[in-house]
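The values are calculated or read from the model by the stated rules, or taken from the named source; none is laboratory data. Keep in mind it's a predicted model, so treat the numbers as computed, not measured. Don't worry about glycine lacking a Cβ; one is built from the backbone with ideal geometry, like all the others, and counts go over all protein chains shown.
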Amino acid sequence: MGGSGTYSVLVEVRLRPGIADPQGATIERALPALGLDGVAGVRAGKSFRFEIAADDEASALERSTVVADRVLANPVIEESTVTVTGPADA
Amino acid sequence: MAPRIGVVVFPGTNCEHDAAVAVERLGGRAELLWHGDPTVGGVDAVVIPGGFAHGDYLRPGAIARFSPVMEAVGEYAAAGGPVVGICNGFQVLTEAGLLPGALQKNQGLRFVCAAAGLRVETDRSVLTAGVEPGTVLSVPINHFEGNYTCDADTLSALRDEDRVVLRYVDNPNGSVDDIAGVCNEGRNVVGLMPHPERASDPLLGSADGVVLLEALLASAAGTTAARVA
């Protein structure tokens, strides 16, 4: 468990399973035209990186999860994964 | 007295003057409400018009919902005030949690700009009161992210509670159950992707949006009367 410092955060946002993904479907349909066969299940998403100052890793994760749930993802159609590393200056 | 219609302006909103002109030609008084002001200024109805609030960054409506005016709009809606979100305004209302569901990228990733046939499904909303259910209107749509999406439970609730306000005659964007507009449980908050203000004069190609705007003005006038009484 890291101590006080600046943590690096990666938030990956993707559509919930079962929610149609027009972007992923279009990419998937385009691939064979480029000669790239055998690719299935393409899902498009977004990733965000930021830094957060926190007293420890648990607090960094908790607050980053609030950022992900309240702002970065729309929970109606999206879900997110939060990964915290650091602290850089410990 | 003419009902006062507040038209919310975010940075990137671009349909506020169209909405204001359409409302004024029908006898309302339009007032622009700046997104940074934490009040709706005592208006009789609120319109959140189309455009690209805050550049549509992150997701359409995702940043706009944190604007100070939206807290006031939320309180106004909770108190029963009529609120209508058009296009980007619909996206803002879903992001703000004032309406269920979300607006996804269109099926086929096509930006659609066309006249759409709309069927009025209920007259129990501030935007359709007095309009015969089954009426078909021709109203323009102009969007990339108008593909209405919600989970199965929400869809059942919308159907069972008669909260699907408008459906497309010919689904242009992949919206679930052909939904073009929905309302909240109180029926005073309505969101729709089509632009009634762009169908408010025969010169624009259609005046079919007038019945919807007139219904909103009547709802607004009703609030005024209630306040006076």
Next item on the list: Given the conditions (1) hydrophobic (A, V, I, L, M, F, W, C); (2) assigned to a helix (DSSP H, G or I); (3) surrounded by 12 or more Cβ atoms within 10 Å (Cβ to Cβ), report the number of the one that A:Val76 does not fulfil.
Entry: (2)
Checklist line | In segment B:33-67, the residues that are within 14 Å of chain A (Cβ to nearest Cβ) and part of a loop (DSSP other than H, G, I, E, B) | finding: B:Tyr57, B:Leu58, B:Arg59, B:Pro60, B:Gly61, B:Ala62, B:Ile63, B:Ser67
Next item on the list: Would you point out which residue out of B:Val131, B:Val139 is away from chain A (no Cβ under 14 Å), assigned to a strand (DSSP E or B) and touching a residue at least 40 places away in the same chain (Cβ under 8 Å)?
Entry: B:Val139
Next item on the list: Determine, yes or no, whether B:Pro133 is buried (at least 17 other Cβ atoms within 10 Å of the Cβ) and of a type outside the set (Lys, Arg).
Entry: no
Check: Hey, does segment B:1-13 have a residue that's out of contact with any Phe, Trp or Tyr (no Cβ under 9 Å at 6 or more places or on another chain), surrounded by fewer than 21 Cβ atoms within 10 Å (Cβ to Cβ), at pLDDT below 95 and not in a helix (DSSP H, G or I)?
Finding: yes
Margin query: Let me confirm something: among B:Leu212, B:Leu158, B:Leu217, which residue is in contact with a Cys (Cβ under 9 Å, 6 or more places away or on another chain), assigned to a helix (DSSP H, G or I) and either away from chain A (no Cβ under 14 Å) or surrounded by fewer than 24 Cβ atoms within 10 Å (Cβ to Cβ) (or both)?
Written below: B:Leu158
Margin query: Condition check: surrounded by 20 or more Cβ atoms within 10 Å (Cβ to Cβ), under 11 Å from B:Asn184 (Cβ atoms) and within 13 Å of another protein chain (Cβ to nearest Cβ). Does B:Leu98 satisfy that?
Written below: yes
Next item on the list: Filter segment A:1-52 for residues that are within 14 Å of another protein chain (Cβ to nearest Cβ), assigned to a helix (DSSP H, G or I) and either among the β-branched types (Val, Ile, Thr) or exposed (fewer than 10 other Cβ atoms within 10 Å of the Cβ) (or both) and give the result.
Entry: A:Thr26, A:Ile27
Note to self: Cβ-Cβ distance below 8 Å, separation of 6 or more or different chains: which pairs start in segment A:66-78 with a residue that is away from chain B (no Cβ under 12 Å) and end on one that is part of a loop (DSSP other than H, G, I, E, B)?
What the structure shows: A:Asp69/A:Pro75
Notebook entry, point to check: Can we say B:Gly12 is without any contact (Cβ under 8 Å) to a residue 60 or more places away in the chain, within 18 Å of B:Gly146 (Cβ to Cβ), within 14 Å of another protein chain (Cβ to nearest Cβ) and in contact with a strand residue (DSSP E or B) (Cβ under 9 Å, 6 or more places away or on another chain)?
Noted result: no
Next item on the list: Among residues belonging to segment A:79-90 that are surrounded by fewer than 16 Cβ atoms within 10 Å (Cβ to Cβ) and among the small types (Gly, Ala, Ser), point out the one that is farthest from the other protein chains (Cβ to nearest Cβ).
Entry: A:Ala90
